[in-house]
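Worksheet: one structure, shown below.
The values are calculated or read from the model by the stated rules, or taken from the named source; none is laboratory data. None of these values were measured; they are calculated from a predicted model. Positions of Cβ are generated from backbone atoms using ideal geometry, with glycine treated the same way; all protein chains shown enter the neighbour counts.
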Amino acid sequence: MFSGSAWLAPVLSSIIYWYCSWVFLSGAVAELRKSRPGMMTLVALAISTAYFYSLAITFGLVTGMPFYWELATLVTIMLLGHWMEMRAIGSAQNALRELANLLPDMAERIVDGRMEEVPSSALQGGELVLVRPGGQVPVDGEVAEGESQVNESMITGESRPVDKLPGDELIAGTVNGTGSLRVRVTHTGEQTVLAGIMRLVEEAQHSKSRAQALADKAAFWLTLIAIGMALVALVIWTLLRGFGDYTLERVVSTLVVACPHALGLAIPLVIANTTALSARNGIFDKTGTLTRGEQGLVGIATADGLPEEQALAQAAAVEGDSEHMIARAMVASARERNIRIPPVSDFQALPGRGVQATVNGRALQVGGPRLLEQLEVRMPEQLAKQTKVWRERGQTVVYLVERRVSSRRLPWPMSFARRAAKRWRCSNSKACV
């Protein structure tokens, strides 16, 4: 004890009640205005009863035991649950900001064949904009000219690039691949797909989950029960001992104990834990591309006698000069495994099929199913089964093929004629081919 120590608890409790508890008091007023008392009403009832009853004891209006410590404990626990809920809302707000950052600030508008840089917000429907390789699409539109592949992982969650041809739709915020596109603006501002997603996120952060709705329903009935039991206690103790400090203390204790501090803390904890558990088990992010938006190597299958590391090194070498997303993923996978990528020569793109190059004197080609069709290659049974499994999973399969040139020697007369023709070309031209 020291001079003025008796007023320490009332002063600190007043700060806790009028400042820290204001969110519950204002929330209770909002619930009562809607005639739907819930969690906030029950919390406000308990802490208000504890605070004003304790003040009455401090000022000598009644005798009994003050509830300052109980008030501080209730407010602290309820604020912890409220902080967890606000933290979830803050994460949603961060998601909104991240979505907004996906849109470029400036765009290149095409007017009478010339380029002019304008703010993306200034674009109007029907105008033509240029989206360069690697650039972001500023607005929703339709491809008017050009061909490319677009990374739409921010919308679909899938890292596989989507082929875009004239007439195809483009979504604001997606990333263009290696081709140049001229896009006709169809939707701007609040009409874009990205703006719609942002509205849904904002609505979600202000809506209540089923668990929260259940907690509010339980708090509603608990409020009625608490008030009813307090009235029962008031009637019984008044009949037994008359209305006085003893009876009032029991009535106040009933209302304070009825505060759902466990419920107010348990609901946010359950929501946070179930969300984290669902995320760890892949419920929200099946492919992992919602956050990374890039492709990676899943598996390798080779014909008998070819080591997997050698196959990956050769494929990465052939794809080394390509800017395709699959090519970059293959090269990155080889580097992650510390595999040496050999030098290549005679690199050539095969439109619609893949690429080819010479690696250590061997003619290698890398591509998709159309490459096998063009080469009329028949895969071994083991590779065909594995390819089928990957395709059923929705994964992209890339093939590495060695194209062997026949070494069958020509008959002597044909060989002599070819050598003679070559000598003639060399003697009658500046360069010998």
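Quick check on my filter: what residues within segment 155-187 are outside any loop (DSSP other than H, G, I, E, B), basic (Lys, Arg) and touching a residue at least 40 places away in the same chain (Cβ under 8 Å)?
Arg182, Arg184
Restricting to segment 178-194, give me the number of residues that are touching a His at 6+ places or on another chain (Cβ under 9 Å) and at pLDDT 80 or above.
Summing the residues that are touching a His at 6+ places or on another chain (Cβ under 9 Å) and at pLDDT 80 or above in segment 178-194 gives 1.
Report yes if Ala44 is modelled with pLDDT of 85 or more, surrounded by 13 or more Cβ atoms within 10 Å (Cβ to Cβ) and within 18 Å of Phe220 (Cβ to Cβ), otherwise no.
yes
Under 16 Å from Gly354 (Cβ atoms), modelled with pLDDT of 65 or more and under 30 Å from the mean Cα position of the chain (by Cα), is that true of Ala329?
Here the answer is yes, as Ala329 does meet what is asked.
Taking the stated definitions as given, is Ile283 modelled with pLDDT under 70, within 19 Å of the chain's Cα centre (by Cα) and not aromatic (Phe, Trp, Tyr)?
Yes.
Here are some residues: Glu152, Glu190. Which one is buried (at least 17 other Cβ atoms within 10 Å of the Cβ), assigned by TED's automatic domain parsing to the domain that holds Val118, acidic (Asp, Glu) and without any contact (Cβ under 8 Å) to a residue 24 or more places away in the chain?
Testing whether each residue is buried (at least 17 other Cβ atoms within 10 Å of the Cβ), assigned by TED's automatic domain parsing to the domain that holds Val118, acidic (Asp, Glu) and without any contact (Cβ under 8 Å) to a residue 24 or more places away in the chain leaves just Glu152.
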